[in-house]
1. Output the residue which, of all residues in region A:1-22 that are more than 7 Å from chain B (Cβ to nearest Cβ) and of a type outside the set (A, V, I, L, M), is surrounded by the fewest Cβ atoms within 10 Å (Cβ to Cβ).
2. Return the pairs, sorted by first residue and then second, in which the second residue is assigned to a helix (DSSP H, G or I) and small (G, A, S), the first residue lies in region B:143-154 and is farther than 12 Å from B:V232 by Cα, the beta carbons are less than 7 Å apart, and the residues are 6+ apart or on different chains.
3. If you check B:R25, B:R36, which single one turns out to be more than 14 Å from chain A (Cβ to nearest Cβ), surrounded by fewer than 24 Cβ atoms within 10 Å (Cβ to Cβ), in contact with a Lys or Arg (Cβ under 9 Å, 6 or more places away or on another chain) and modelled with pLDDT of 95 or more?
4. Can you give me the number of residues within region B:230-254 that are within 24 Å of the chain's Cα centre (by Cα) and either crowded, with 19+ Cβ neighbours inside 10 Å or assigned to a loop (DSSP other than H, G, I, E, B) (or both)?
5. Considering region B:151-189 alone, what residues qualify as being at the interface with another protein chain (Cβ under 9 Å from one of its Cβ atoms) and under 28 Å from B:N346 (Cα atoms)?
6. Could you list all residues from region B:4-21 that are over 13 Å from B:S222 (Cα atoms) and more than 18 Å from the chain's Cα centre (by Cα)?
7. Mind checking which residues of region B:381-395 are in contact with a Leu (Cβ under 7 Å, 6 or more places away or on another chain) and of a type outside the set (A, V, I, L, M)?
8. How about region B:1-22: which of its residues are among the hydroxyl-bearing types (S, T, Y) and either more than 10 Å from chain A (Cβ to nearest Cβ) or closer than 30 Å to B:R451 by Cβ (or both)?
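The values are calculated or read from the model by the stated rules, or taken from the named source; none is laboratory data. The model shown is predicted, which means the values in this text are computed figures rather than measured ones. Using ideal geometry, Cβ is built from the backbone for each residue, glycine included, and neighbour counts are taken over all protein chains shown.
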Amino acid sequence: MNPDAIIMLIVSVAVLWGGLGAAAWHLRRSTAYQEDEG
Amino acid sequence: MIPYLVALLCAGIPLLFLDYAIGHRYRGSAPLSFRRMARWTETLGWWQVAVCFVIAIYYAVIIAWAVMYMFFSPGLAWGDDPKGFLFGDFLQLQDEVTIGMNFVPGVLWPHILVWVATLVIIGLGVAKGISWANKIFMPLLVVMFVILVAQALFLPGAVDGLNALFTPNWEALADPGVWAAAFGQIFFSLSVGFGIMVTYSSYLKRKTDLAGSGFVVAFANSGFELLAGIGVFAALGFMAMQSGTPVSEVAAGGVGLAFVAFPTIISQAPMGQLIGVLFFGSLVFAGMTSLISIVEVIVAAVRDKLGIGRVKATLAVGLPMAIISTLLFPTTTGLYLLDVMDEFVNKYGILLGALVSVVAVALIVRKLPRLSNHLSAVSSAKPRTLWMVLIGGLVPIVLGYILIADVITKSQETYGGGDYPDWFVNTAGWGMAIALVIVAIVLSLLPWSKRVDTGFDEDEEDRELAEVVASRDETLTTGTRIEEAEL
């Protein structure tokens, strides 16, 4: 792959999959989620 | 990718929060939620329901095609000419563009099965039907697509496809049409603006972390789209290499991509039959979960308006829809009707409806501060000023631009580039779009069942919500103290 495409792939993965990971982690820690689970 | 990511962050997620807030706060289907928010906006809710009605009746036939192609894949039934197979043998598309009822048996039977499955799932309810179906279909969809993407990445030429997908075209960023396409895609992908998220969020518990869940939903959805894009473009790169043409010329999109380009790839690729079963199977599962969500909008609205139970509402709504859908789409002219209705309901149903709704909520009834407070009260993330600016400012401007540009385009040339007669576009396109608004107005004038409380006290709701959240936080604080004491 060309360098520009690699950078764009990394940015896309970071934003979307990284965003998903961060959002899921944050949700697990939220009070509403904790009450639901516990 | 850049316009797509910007659209997700600046419009998709804010609009998702708006739909969540409306459904969760006013706890009703789209028409009931809007009515409780402000009486006259009930029409907007019915407009969204009418949009869902139109989408549902043509969407089912696409799932039926995918079902059949899943069975065609092991035997590569399309042979050497996937295009001829699709339009000739399978759809038996006639040359004359009209609205006819010459049924195609090979499409008719799976079409009926799709409707039966959909109505049974919806009739079973949120927990036993919709939730159960999603718990099975969604993981299967993810697993199937991950396998598909993994296989596609090892095809010769896959890297060319990935370069086509990810290489930034900086000049294209100056093309307003590219931004319009990105915003449109995010809109449809997140199912915002046509009642689905309003309906689904009305089923959530009072204490649900709306914004937190919303971020997970949005990023999961787009994350999966990224995965799908990688798989699809890797496969297109393979096809481009085989045919000796650039990736950009291999396939446009929609029907051509899924049912012509992909069969070509399946025929040529190593383990192509497996790729085919996985790809079309994924389309079936994704399509079913979407169709269920769309039909649920209508069933919920009818339940609320008439005060009737789920099964009755499912039959009252679902049977006529299934019949209309079956009469119009598994036919030798179904594809023409689908194409025009899809184009116009997306632009002048979903986008125009969403524009009017956002303007109404943000600028006329001015509910954004209330909804912002509601979201912030229950959520770990707090959508405040930035959210209100995006909803009340950016989104209407972008939607307005997309629609004005489209009206200008369509006024200069009839949709279809000459393939469709004017009467056909005027009836199935413009006529259908206008009819949606008229139907919405008429439905909003009908009386509500006496069993349904259409009133809403905003201050009372805020007080109750504050108590609920306070008791939740106290319970957790007490639990934490007990745990600490035990340690």
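1. Here the residue is A:P3.
2. Sorted first by the residue in region B:143-154, then by its partner, the pairs are B:M144/B:G281; B:M144/B:S282.
3. Result of the check over B:R25, B:R36: B:R36.
4. Residues flagged as within 24 Å of the chain's Cα centre (by Cα) and either crowded, with 19+ Cβ neighbours inside 10 Å or assigned to a loop (DSSP other than H, G, I, E, B) (or both) within region B:230-254 amount to 7.
5. B:A164, B:L165, B:F166, B:P168
6. B:C10, B:A21
7. B:P383, B:G392
8. Listed by number, the list holds a single entry, B:Y20.
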